Amino acid sequence: MRHLDIVKQFQPSLHTETHAPSPDMVDDDHYRAYTRSSHDLGGEPDIPITWEEKEEEIWEHNTFVTCEVLAWRGVWNAEERRRRQNVDVGQTIYLGLPYYGRWLMTAALILVDKQYVTLSELQDKIHEVRQRYE
């Protein structure tokens, strides 16, 4: 359950508990806030950051190539991949995982959802790779 402790760190610091409003309480601003997707960050306050060029790491390059091969094989298309890794994940995962981490997570989810591999096969492979690097 350690991952839940990590996920809690990604929650907004100024979050306040609210109850679902009744339909007559939802004005235009509330509607836009409720329907905003997690990757739509335009206009949100943030701190200034320093732009730095970054060399892709090997795992990032391998993830990109794997996802392209999945597309060539007809497992998914670019639009499905973008929707699954940017919109469907929710804000906590979107902000908590690195860019290619979301690609990798999405590839695994698609392969299981479309029954190319079973969840237990995926878990076994992850366990095998972890043991190889420990």
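In region 58-134, the portion of solvent-accessible area held by carbon and sulfur atoms comes to 56 percent [1.4 Å probe, whole percent, DNA, RNA and ligands not counted]. Values of log10 I(q)/I(0) for region 58-134 across q = 0.12, 0.15, 0.23 Å⁻¹ run -0.35, -0.55, -1.21, by the Debye formula with one identical scatterer at each alpha carbon and no solvent.
Once the Cα-Cα distance is subtracted from the 0.36 nm per residue extended length, the residue 117 to residue 54 segment shows a gain of 19.3 nm.
The values are calculated or read from the model by the stated rules, or taken from the named source; none is laboratory data. Quick caveat, the model's predicted, so the values are computed rather than measured. We work out accessible area using only protein heavy atoms, side chains counted, and drop any ligands, DNA or RNA first. Shrake-Rupley method; radii C 1.70, N 1.55, O 1.52, S 1.80 Å.
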